Amino acid sequence: LEMYFYHGYFWFVSLLLFFVVVFWGLYYIWVRFGRRANPEASRSSILRTLCVGVVLMSVGYYFTGVRFGFESWFMLWRVLMFQPANAVLYAVFFALGVYGSGRGWFVDDRHFGRWGVWVGVCIFLSLAYLGVFGALIKTPTPLKGIVWAYSFLHVFCALSFLLLLISFTRRWLNSSASIVSRVPGHSYNLYILHLPVVVALQWLLSHVAVF
């Protein structure tokens, strides 16, 4: 890597661009040839779809992690760089976002419940996740049950924090205020600007023992 520009800290940029191109193509095909009138969104329909997504992500994360390693990285042509296990989550979450947006999931504030409830859910799942993760890394050959629990909790935590973010922003940032309307237009710039903060925190916490 010394002979090339090292983009390790910018890996998500290339993966995000890949997802945008691929899903834009699929969405265009869907709109052009197969789109029908969207049914009205309801909590029950959203819940069913999210349950299917959780199962797909958990199973995919488990088998991909067991096959390639949960922390392993893959690089293609020194341009596309990602973790295979987490790429399953990115792909399904991205697809759920496109699917949900087309069916009006984010129109009604009541679809995802109260953000205060999700705070409690996130805290509970995070504690459970840390406990299972601690058992996972302390055991040389962990039991399949622990690995399955780790996979499901990994997905549930990610989904819960995402729903917390959605419900919080719908409750407190759903307005026509100037700063609220400007921030989405600079979301990509904010992503680039937050990278030095992430790198600094990684460096500061690199020698901190968690378990």
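Roll a 1.4 Å probe over the protein chains and send me the accessible area per residue for the range 49-97 in Å². The partial results should precede the final answer.
Values: 2510 Å² over 49 residues.
That works out to 51 Å² per residue.
Would you rank 112, 152 by solvent-accessible area, highest first, keeping every protein chain in place and using a 1.4 Å probe?
Numbers: 112 20, 152 70 Å².
Final ranking, largest accessible area leading: 152, 112.
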Run the 1.4 Å probe and let me know the accessible area of residue 186, rounded to the nearest 10 Å². 100 Å²
Would you calculate the separation in nanometres between label points at residue 95 and residue 169, each defined as 7 Å from the Cα along the Cα-to-beta-carbon direction? 2.2 nm
Considering only C-alpha atoms, what is the centroid distance from the range 44-117 to the range 133-150, in Å? 22 Å
Just read off the accessible area of residue 173 with the full protein assembly in place, 1.4 Å probe, to the nearest 10 Å². 80 Å²
Solvent exposure, largest accessible area first (probe 1.4 Å, DNA, RNA and ligands not counted), of 123, 179: 179, 123
Within the range 42-86, find all residues whose amide N lies under 18 Å from a label point positioned 7 Å from the Cα of residue 146 along Cα-to-beta-carbon. 62-63, 65-67, 69-71
Can you give the accessible area of residue 48 in Å² (nearest 10), computed on protein heavy atoms with a 1.4 Å probe? 140 Å²
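Work out the P(r) tail for the range 121-172: percent of alpha carbon pairs separated by more than 13 Å, whole number.
Numbers: 791 of 1326 pairs.
In whole percent, the long-distance tail amounts to 60.
The values are calculated or read from the model by the stated rules, or taken from the named source; none is laboratory data. Source: prediction; values computed, not measured. Cβ sites come from the backbone with ideal geometry, for glycine too, and all protein chains shown count toward neighbours. The protein model used for the area step is the full one, side chains on, heavy atoms only, and it has no ligands, DNA or RNA in it. Shrake-Rupley method; radii C 1.70, N 1.55, O 1.52, S 1.80 Å.
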